[in-house]
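This report concerns only the one structure given below.
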Amino acid sequence: MTRPTWRHALRRTPFYLVVALIAAYALLPFVWAISTSLKSENELFGPAMLLPSEPTVRHYVNVLSSGAFMRSLANSVLVSGGGVFVALTAGSFAAYALGRLRFRGKGAMLYAVLAMTMFPQISVLSGLYENVRDLGIYGTQAALIFSYPLFTLPFAAWVLTTFFRGLPREIEEAAVVDGATTAQIFGRILLPLTVPALVTTGLLTFIVSWNEYLFALSFTITNPNAQTVPVAIAQFTGVVEQQEPIAEIMAAAMIVTLPLVILVLLFQQRIAAGLTAGSVKG
Amino acid sequence: MATPISARPTSSVGPGTTLLGALLILLGIVTIGSLALEITQDSGVRSALDATLGAGRPSLVIAVLDAFGVLMPLLVTSLGLAAITLGMGVARRDVGATRTAHDGVTWLAIFALVMTVLRLTQGAPLLADGTLGPALAVLAALALRTALARAAQVPGLAHEPLVAREARTAWNLLVPALVILLVVAARPLEATVITSLTDKRFASDDVPSFVGLTHYRTLLTLRLDEVACRTADDGSCARSANGAVRWESIPRETLLDGYRTAWHWDLPLVTAPDRAISVGALDRTWMRAIWVTLMFASASVTLELLLGLFIALTVHSEFRGRGAMRAVMLVPWAIPTVVSARLWELMLKDTSAGIVNRVGMMTGLIESPQAWLTTAALQLPSAIMIDVWKTSPFMALLLLAGLQVIPKELYESARVDGASRAREFVSITLPLLKPAIAVALIFRTLDALRVFDLFNVLFGRAEHSVSTYTFEVLINNQEAGYASAIGVLIFLLIFGFAILYVRFLGVNRT
């Protein structure tokens, strides 16, 4: 490492200023949201101040003791979890075929999966709406678990295909020589190697499902009991009926966002882990 | 001496393959037959065939298409035909056919089981009509599967080539994904296309009537008229309260034809100062939504690229805290769009509680507090600003990945040759980053064109993107036919871009 002299540090100051500016740009609105969620009513409508003068967690208590909000939180966990489960199981099977096996029609399938990752949800809304109604699940969480694979599955299949393809062939060849079946190769050898990729893909599909708004709004608009967090936040009118409950909205927003932010911090390391696992030799 | 296959002693193992083959052929015939029965039993189809209804009866083609589409009958028929072909293969003692039939029957058992479980979880009793069928199908399929498994293991059968085996495994692994995508993507898309040709209303069980391309005509018709401005008392162009020029309306005949002005184009150099081009459409809200969406997408993606590139280049250089910086960059991306929309709604408040107005006034960027989200001229810029905040850091991460694969040696040799930093950027960084930029651009453009959450939360019905307009027409107005036509147009637009994207990326087949 070079000697960090004061001259060197001084020369780097403008650079660090730019970095700080970028960080502020990305983070300040988030900080503002946290700060607002901690402010007392008096402060909310006065001149805007960055930090609350007398922080209070009352809004968090209000939101967390609201049955409707907690239900939407539970719905979100259920629906996103379901989306991740379907995407990872069906997706990893498909990815194994697309990434490691040879068969006719593979090129077409790869194109189809890649194109599907860009499928516009709004285009099938009308058709899906009919389907969901015919199945008798309109206005329930099941409608969302049913429809979310539209965007989670192609994404998961694509990411995992790339990953499977990166694993060295020798692993499988050795297993074949030892007399392992395809199922054994997949379940005992390749799947454990893909755990980091599965975790990463799972996290990403979870975040995407958690944030999904269009289907959630369309399919649960008539039934508040089945609504997920984004719909609840978009339509939040507050626990106490008075003027717009800014602080409570922000408290609710932070409750659903903080887990994601924490996941993202973890996800940073997972990317590294996934990349290392992909470069394992034999 | 070669023994004829049929003469080989095999009858001691399981039921005869001829019987198994016959069962499969029967299964195929029953499948196709029950499809035909299902179609003739459909209430819409029956009313179309009902002669007593006279001229008022719905069209048979539309009745069938509306209830079943094309994909599902086609799929069921080909599965039935496949069962018949495989049955003949099994009877001939073809090992490939036997194994394929075995796998097919296994999937049949699995799907019948899933159906049964779904019915049961919905509270239907086991002995009900719709539950007992699948339940019995599970048992029948399992029995057939066992028999086929034994038939495939009869000694003396020719070995199946390894390639065929691998291909069969691959397709088996693809089945779950294909079935799910068929149900949630292909079939709804098909239904949307069919519905777009009809006057169907949402949640109506009546057979809709065929209207052909009427919806598309309404959506796509445009007319351009040159209009003059309204003159004020002093002879100059009149302006409304917000400073916008007031234009004359388009000719009366065109108004009677149903055209309304979506927006005015007063382009310098193209039109005289007191003239503008009125872009008229049969559905003004839709045409305006297209315009707004295209403006939103092009402006936000351009800004995101520039800002993202700047951020990526900064973070690319080595410094302490680079890892933390990357995590920071993911924060705006991870915040749900709905949350960030509400957060910015708060920050953009027109009172002194709005931080943006306060900071803007303090720094002298604005003279008076602005109503960012309710002033027509500021709505789109505000939405663009929010989108840029949310996605440029993510764009930067995509570009950063591109920067990291550029070999360092290139820069070193450039430095030896005495190239300036600017020269380095133009001659090395930019050309080598081009693929990453292209991917990020196309990806973001597709995303921006679909924008829904932001517009829905920020503007409600005041300003539409194409997606929020579709939602409005479908969910609030219940006009399924018209909304479907919009959906199809968006699909074509997005897929045009997607094809470009896939072409560009290419698919590595190895």
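Quick notes on this one:
- Of the helices (runs of 4 or more DSSP H) lying entirely inside region B:328-414, those containing at least 2 residues that are buried (at least 19 other Cβ atoms within 10 Å of the Cβ) and more than 9 Å from chain A (Cβ to nearest Cβ) span B:376-404.
- Residue check for residue B:323: of a type outside the set (Asp, Glu) and in contact with a Leu (Cβ under 9 Å, 6 or more places away or on another chain): no
Okay, residues lined up against (1) out of contact with any Gly (no Cβ under 6 Å at 6 or more places or on another chain); (2) farther than 23 Å from residue A:108 by Cβ; (3) hydroxyl-bearing (Ser, Thr, Tyr); (4) more than 8 Å from chain B (Cβ to nearest Cβ):
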residue: A:134; (1), (2), (3), (4): yes, yes, no, yes
residue: A:141; (1), (2), (3), (4): yes, yes, no, yes
residue: A:146; (1), (2), (3), (4): yes, yes, no, no
residue: A:150; (1), (2), (3), (4): yes, no, no, no
residue: A:159; (1), (2), (3), (4): yes, no, no, yes
residue: A:171; (1), (2), (3), (4): yes, yes, no, yes
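- Scanning region B:241-253 for residues that are aromatic (Phe, Trp, Tyr) and either open to solvent by less than 40 Å² (accessible area, probe 1.4 Å) or out of contact with any helix residue (DSSP H, G or I) (no Cβ under 8 Å at 6 or more places or on another chain) (or both) turns up at least one hit.
- Within region B:173-186, tally of residues that are within 8 Å of chain A (Cβ to nearest Cβ) and either assigned to a loop (DSSP other than H, G, I, E, B) or closer than 12 Å to residue A:147 by Cα (or both): 5
- Set B:108, B:81: member being surrounded by fewer than 17 Cβ atoms within 10 Å (Cβ to Cβ), under 15 Å from residue B:27 (Cα atoms) and under 36 Å from the mean Cα position of the chain (by Cα): B:81
- When residue B:151 is tested against (1) without any contact (Cβ under 8 Å) to a residue 60 or more places away in the chain; (2) surrounded by 18 or more Cβ atoms within 10 Å (Cβ to Cβ); (3) of a type outside the set (Asp, Glu), just one condition goes unmet, and that condition is (1).
- Any hit, region B:290-297, residues being surrounded by fewer than 19 Cβ atoms within 10 Å (Cβ to Cβ), more than 30 Å from residue A:33 (Cα to Cα) and more than 28 Å from the chain's Cα centre (by Cα): no
- Filter pass, residue B:190 being under 28 Å from residue A:122 (Cα atoms), within 14 Å of another protein chain (Cβ to nearest Cβ), among the acidic types (Asp, Glu) and in a helix (DSSP H, G or I): yes
- Candidates in region B:316-327 are the residues that are in a loop (DSSP other than H, G, I, E, B) and not hydrophobic (A, V, I, L, M, F, W, C); of these, the one that is farthest from the chain's Cα centre (by Cα) is B:320.
Residues are listed down the side, and each one gets a yes or a no for (1) within 12 Å of chain B (Cβ to nearest Cβ); (2) touching a Phe, Trp or Tyr at 6+ places or on another chain (Cβ under 7 Å):
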site	(1), (2)
A:53	no, no
A:80	yes, yes
A:95	yes, yes
A:109	yes, no
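- Among the residues of region A:128-160, those identified as in a helix (DSSP H, G or I), of a type in the set (Ser, Thr, Tyr) and within 19 Å of the chain's Cα centre (by Cα) are A:147, A:152.
- Within region B:209-234, residues that are at positive phi have Cβ atoms under 8 Å from residues that are crowded, with 16+ Cβ neighbours inside 10 Å in these pairs: B:212/B:197, counting only partners at least 6 apart in sequence or on another chain.
- Contacts under 8 angstrom Cβ, first residue in region B:476-500 being more than 8 Å from chain A (Cβ to nearest Cβ), partner open to solvent by 40 Å² or more (accessible area, probe 1.4 Å) and part of a helix (DSSP H, G or I), 6 or more apart: B:489/B:220
The values are calculated or read from the model by the stated rules, or taken from the named source; none is laboratory data. Bear in mind the structure is a predicted one, so any value in this text is a computation, not a measurement. All Cβ positions, glycine included, derive from the backbone under ideal geometry; neighbour counts span all protein chains shown. With ligands, DNA and RNA removed, areas are computed over all heavy atoms of the protein, side chains included. Shrake-Rupley method; radii C 1.70, N 1.55, O 1.52, S 1.80 Å.
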